[in-house]
Amino acid sequence: MHAALFLDAGPLTINGTFIVEVIAFILMVVFLAKVPLPFLGIPKPVYPWIISIAEARQQAITEQLQEADKARRDADEKLKEADAKLADARKTADTVIEGANRSAEQLRSELREKAEAEYQRIVQSAQQDIDTERERALQSARNEVAGMVVAATQKVIGETLDDQKHHRLIQRAIEEVASGDGRG
């Protein structure tokens, strides 16, 4: 029956192979925990070396995460600064545009006032020219009427008048023409 025990070994059966494997595993763990392997490039025992490499890697990852977090915070801060500068620039642009609009409106108003003043000056100048021309025409008409009156008077009276009588007759004729009476 003893041979049957060894032949019917299952996964939970303790046999000689299992004991040898457990002892070999323990020896290997102790060997890897205590003996350095410099010929393989491992300067100290394998487990502490693996742990130091893992800790160094963990430390490097932690530092990279902290640097990334710091970079993210710096980027957020710079973004906030850029947003503030952009808002400031927009305010400045709005102020400049508003000032330009006011200046344009003021310039438009000044030009309108100048145009109105120029229009008034031109109208006034034209009115003066019209008045001057009317005065000239009236004076010309008066002179013509005076000449006709003198000629008619000379024909009617048959004599020439002195300057004083001549002037009185002309004035009277002009007044009659101006009043529309025509009778004198």
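Computed from the coordinates by the stated procedures, all read-outs in this text should not be read as laboratory data. These numbers come from a predicted model, not from an experiment. Note that each Cβ is placed from the backbone with ideal geometry, even for glycine, and that neighbours are counted across all protein chains shown.
Of note:
- Packing here is the average count of other Cβ atoms within 10 Å per residue, and on that basis the peptides 106-114, 167-175, highest first, run 167-175, 106-114.
- Residues of the range 41-55 with an amide N closer than 11 Å to a point placed 7 Å from the Cα of residue 33 along the Cα-to-Cβ direction: 47-48.
- The slack in the chain from residue 120 to residue 56, taken as 0.36 nm per residue of separation less the alpha-carbon distance, amounts to 13.7 nm.
- Distant-in-sequence amide H partners of residue 37 (H built 1.01 Å from N, under 5 Å): 42, 44
- Dipole magnitude of the range 43-179 about its Cα centre (Cβ charges: Lys, Arg +1; Asp, Glu -1), debye to nearest 20: 360 debye
- Ignoring lysines fewer than eight residues from residue 34 along the same chain, the ones with Cα atoms less than 19 angstrom from its Cα are 44.
- Relative to the current alpha-carbon distance between residue 96 and residue 111, full extension at 0.36 nm per residue lengthens the span by 3.2 nm.
- Cross-link partners of residue 70 among lysines, defined as those whose alpha carbon lies under 29 angstrom from its own and excluding same-chain residues fewer than eight positions apart: 78, 80, 85.
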